[in-house]
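Undergrad: Dropping the structure in here first, questions after.
FYI, it's all coordinate maths here, none of it is from the lab. Just so it is clear, the structure is predicted and the values come from calculations on it, not from any experiment. Cβ: placed from backbone, ideal geometry, glycine included. Neighbour counts: every protein chain shown.
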């Protein structure tokens, strides 16, 4: 095998590779074995079919094509090692010349890690706003607790926004009942827009035992996009009553005896939450400054793959809730081009940060122990509701175990960055990882959560 490398940009190279036909023979023999195991020829046992018979039945060209497709990744890997190319993403391959008993010539364009010079981390300093906890912030937490302990009381008056109603629904299209379009005695908060479009507007002013009809457009099911006639009957109207903010409420909602003690505890908890947010904001600002200072380019191919992946994940998530990308674009009042631009910007930022952290990890010779990798596997398996071994086996089968390992290594590099840069708030207080750990570990069971 002979190969050359041409630099197309700081993040992309083209490999030109020539493979003598003799070097393809192992791949050719493998192709014959695999095709022979798949076809049936009378008079021959599966897997024992002579090459000449396979050529006659399947065609020599099909065998050569399979051999080439099997050989190309190995040849690219050999060329990458020969030229010490640090590849990123998938190569784009173009076969330029190949024939039976002739050399295989092809090119492979692939993104590569750019040369990055990391600034002195100790010289980087970022400042974020100081934490401020106002009475309004505490009131918001108190109101959240009041909502948890609210009670519903049946009232003899028309429904208003914020009330809860028990209702029956029946939807039809051209007189035909919509599958799943009927429900009885369901509870609904007026104004929450959790059910059919237009329903909340109809419910305002309705009283118990009253029935009204309205028209709405269905967004899912067999009649998606069609106008449906909906009959709604209100069974009862209930008023949500919030408890008074006093010592009795503090005893009901927490372990404290007085409302002042509860407010003080909520203030401490909210401070810890904002401390975590503050340090994350400082981290993000430090990474932004480092990426800009190092002038890190974003490889186009890697970014494109990342955008495609994110867009597909978005589409899949919408499908799970019975919506489409077009529905989402309409609700957000955006065009697909705007979404693509947003995804591209986010992908570019993410790729640049990964390149930065990989470079720092290399420079500092960051190592990942088996325990650290295992801990990450256990953590991810818990989120996926899987057993750790089952999750790990799935990673190996999909070829993504190395990516998880890389994430752990980048996480350690990020911790090193946060230890070395200077992070302060606008009051001059120094922020560090210990603050983050302390704030994260300070929560104790038995307290209300803000």
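Undergrad: Do the sum for the chain: with -39,500 (n - 2.57) for every DSSP H run of n ≥ 4, divided by all residues, what is the mean residue ellipticity at 222 nm, to the nearest 500 deg cm²/dmol?
TA: -16500 deg cm²/dmol
Undergrad: Counting C-alpha atoms alone, how compact is segment 2-112: give Rg to one decimal and Dmax as a whole number, in angstrom.
TA: 16.7, 58
Undergrad: Helix 388-398 against the longest principal axis of the chain: what's the angle in degrees, Cα atoms only, rounded to the nearest 10?
TA: Here the helix axis deviates by roughly 50 degrees.
Undergrad: Here's something else I'd like to know. Would you work out the relative contact order for the chain, in percent, from Cα pairs under 8 angstrom that are 6 or more residues apart?
TA: Relative contact order here is 17 percent.
Undergrad: After finding the eigenvalues of the alpha carbon gyration tensor for the chain, what semi-axes result from the square roots of 5 times each, listed largest first in whole Å?
TA: Ellipsoid semi-axes (Å, largest first): 56, 38, 20.
Undergrad: Calculate the length of the line joining the C-alpha centroid of segment 83-151 to that of segment 346-388, in whole Å.
TA: If we compute the Cα centre of each part, the gap is 12 Å.
Undergrad: Pick from 184, 87, 117: which is most flexible by mean-square fluctuation in a GNM of the chain where alpha carbon atoms under 10 Å apart are linked?
TA: 184
Undergrad: Moving on to the next point. Quick one: among 413, 136, 228, which has the greatest mean-square fluctuation in a GNM of the chain with alpha-carbon springs under 10 angstrom?
TA: 136
Undergrad: To make sure I understand, if each residue's beta carbon is the centre and we count other beta carbons within 10 Å, what order do 320, 263 fall in, fewest to most?
TA: Placing the least packed residue first, the sequence is 320, 263.
Undergrad: Which value in Å does the Kirkwood hydrodynamic radius of segment 321-450 take, with 1/r averaged over all unlike C-alpha pairs and then inverted?
TA: 18.7
Undergrad: How would 115, 255 line up from fewest to most surrounding beta-carbon atoms within 10 angstrom?
TA: So the ranking, lowest neighbour count to highest, is 115, 255.
Undergrad: What residue among 366, 204, 291 shows peak mean-square fluctuation when the chain is described by a Gaussian network model with Cα springs under 10 Å?
TA: Most flexible of the set in this elastic network: 204.
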